[in-house]
Amino acid sequence: MVTLSETRIENRYRVQPNHANNYESLHGGNLMKWMDEVGAMAAMRLAGESCVTAGVTELDFQRPVPIGEIARIEAYVYETGRTSVKARLRAWREDPRSGESTPTTEAVFTFVSIGEDGSPVEVPDLTVETGEERRLREEARSVED
């Protein structure tokens, strides 16, 4: 069995002018794409198979990420179904010089594990062992409420 901590993935992207909207901040579509990629990696860590996006339950943009800053994205799996995986995604705006960060976006993505033939494949159970893992799972569940 895979633990919640083993599915945790974090990635950073420097916001360039080609990622920006008319307001010189990260275009929401680019952020959503990056979140989808990081979320899929977390889902694949659990499933051991390729995973495709089945849905986005929540996606809340709270603040912009200006050109030149970093979008830091974290994902982890907190729930499983028979062939599906739910991942919590969070993004922060990070100053590349100081490392200071501010939360910008929260989301819940659902992925489906697929085999080589493209059909759904069962996923293993998720193990939640530590107090930190329980806290992260409860935080993720509260986003859906």
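Just so it is clear, none of the values below were taken in a lab; they were calculated from the coordinates. Just so it is clear, the structure is predicted and the values come from calculations on it, not from any experiment. Note that each Cβ is placed from the backbone with ideal geometry, even for glycine, and that neighbours are counted across all protein chains shown.
For segment 88-134, the spread of Cα coordinates along the three principal axes comes to 46, 29, 17 Å, biggest extent given first. Which residue, N22, N30, N11, has the most motion in a Gaussian network model of the chain that connects Cα atoms within less than 10 Å? Looking only at N22, N30, N11, the biggest GNM fluctuation is shown by N22. The long axis of helix 28-47 is offset from the longest Cα principal axis of the chain by roughly 30 degrees. Take the Kirkwood radius over Cα pairs of segment 1-124, plug it into Stokes-Einstein at 10 °C and 1.306 mPa s, and you get 107 µm²/s for translational diffusion. How far is helix 131-144 tilted, in degrees, relative to the longest principal axis of the Cα atoms in the chain, given as a value from 0 to 90 rounded to the nearest 10? Its long axis makes an angle of about 70 degrees.
Do you know the relative contact order of segment 1-103, to the nearest whole percent, from alpha carbon pairs under 8 angstrom that are 6+ apart? Please report the intermediate quantities before stating the final value.
Details: 174 pairs, mean separation 33.6, N = 103.
Relative contact order comes out at 33 percent.
Multiply the residue gap between Q62 and R141 by 0.36 nm, knock off their C-alpha separation, and tell me the result in nm, one decimal place. Show your work: numbers first, answer last.
On the way: separation 79, 0.36 × 79 = 28.44 nm, distance 1.89 nm.
That works out to 26.6 nm of additional length.
Charged neighbours of A71, selected by a Cβ distance under 10 Å, balance to +2 (K, R count +1; D, E count -1).
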